[in-house]
Amino acid sequence: TLNLVDYNNTKAYRYFVSTEDGQLYLLDKTGQRLNGWNPKPVGAKTIGVARHVRVPRQGDYMIAFTEPGLLHFFNRRGERQVPNPVNLGTSFKSSVIAFNNPSSKILELVNISTGGEIKKSNFNGEITYTNQLVKEGADSEFFLVADQDESDFLIVGKEFNKIKILDSQENEMFTVSSSTEQFEIQFFNFGTNRRIISVTDLIQEFSYLYDADGNLLTTLPLESSGKLEVGFDSSGRQYIIRCRARNQIIEYALAY
């Protein structure tokens, strides 16, 4: 996987690359390896992209979350910020999310195992919170979905015939009926009362748009064969939604 890093929004880009065999490379924008990353082995492929996080009063962290459930912390020179990786458990469908907790005002790393165990850690490599969500069946699976800016996230639980959506504080928002095993959840957050959760059935190629209370925002589902793009036009008080369907890009305007 490849992640584009711009430390100071100056377009002095870096490419943070993780390979299938568990090697990390940090390259400049010409593709040259940077000192300390020649490469940096982490023992297994990453879940999601390796990423950069700037932590207030602590500096820059280069983070890799690998398949055994291990969280690795490096600085920009490739030196370990924490001597040993943090073990978050086993079996994950989503990578860690850096989340500024509104209660504590502290930036923390959050993830959930497919079995529904939530763990939060700080940037000193300490696990600060653990909670097991209720599983309604042996086939229950959980994962996280961040919004477009990673300023908030949802917890998604897939049961046999339904999808349950919880907010970042583990409060249930709503449940939708769904029997498909192939689906895409997206979260678009434009403010407290302007949040859209899309559920795309990848087999039937339909997307259903919901508000934070679980109300459908369109009478009929939108044709879509994959992820949506959603923007908010404050001047026109409407959402602009783009879908890919039938080899076309279809644009919709949805009044707010």
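Computed extension gain for L254 through N38, at 0.36 nm per residue and net of the alpha carbon distance, reaches 72.9 nm. With a/c under 1.5 counting as rounded, go ahead and sort the stretch 130-256 into rounded, prolate or oblate using the C-alpha gyration tensor (a ≥ b ≥ c being the square roots of the eigenvalues; past the cut-off, prolate if a/b is larger than b/c, else oblate). Note, shape of the stretch 130-256 comes out oblate. Note on L4 and S91: their simple-model spin labels are 3.7 nm apart, each label 7 Å out from Cα toward Cβ. When all alpha carbon pairs of the chain are counted in 5 Å bins from zero, the resulting P(r) reads 1, 6, 12, 15, 16, 16, 14, 11, 7, 2, 0, 0 %. Under 1.5 on a/c is rounded, so check that first for the stretch 8-66, then, if it is not, pick prolate when a/b is larger than b/c and oblate when it is not; a ≥ b ≥ c are the square roots of the alpha carbon gyration tensor eigenvalues. Oblate, because a/c is 1.5 or more while a/b does not exceed b/c. Model label sites at N131 and N100, defined 7 Å from Cα along the beta-carbon direction, differ in position by 2.2 nm.
On the principal axes of its alpha carbon atoms, the stretch 1-40 extends 31, 19, 15 Å, with the longest extent given first.
Quick check: from the Cα gyration tensor, does the stretch 1-149 come out rounded (a/c under 1.5), prolate or oblate? Since a/c reaches 1.5 and a/b is larger than b/c, the shape of the stretch 1-149 is classed as prolate. Cα centroid separation, the stretch 1-77 to the stretch 199-213: 33 Å. Volume per residue for the stretch 69-212 equals 126 cubic angstrom (convex hull of Cα atoms).
Measuring r between the beta carbons of R242 and T175 and using R0 = 35 Å, the FRET efficiency lands at 0.80. Ordered by 1.4 Å accessible area with all protein chains kept, D167, D21 run largest first as D21, D167.
Can you work out the FRET efficiency for the pair R57 and S225, with r the C-beta to C-beta distance and R0 = 41 Å, to the nearest 0.05?
Calculated value: 0.35.
Distance between the modelled labels on R80 and N161, one decimal in nanometres: 5.0 nm (7 Å Cα→Cβ projection).
Only protein atoms count toward the accessible area here, which uses a 1.4 Å probe; on the chain, the carbon and sulfur part of that area reaches 45 percent.
The values are calculated or read from the model by the stated rules, or taken from the named source; none is laboratory data. Small disclaimer: the values here were computed from a predicted structure and weren't measured. Note that each Cβ is placed from the backbone with ideal geometry, even for glycine, and that neighbours are counted across all protein chains shown. To get the accessible areas, we keep the full protein, side chains included, count just its heavy atoms, and leave off ligands, DNA and RNA. Shrake-Rupley method; radii C 1.70, N 1.55, O 1.52, S 1.80 Å.
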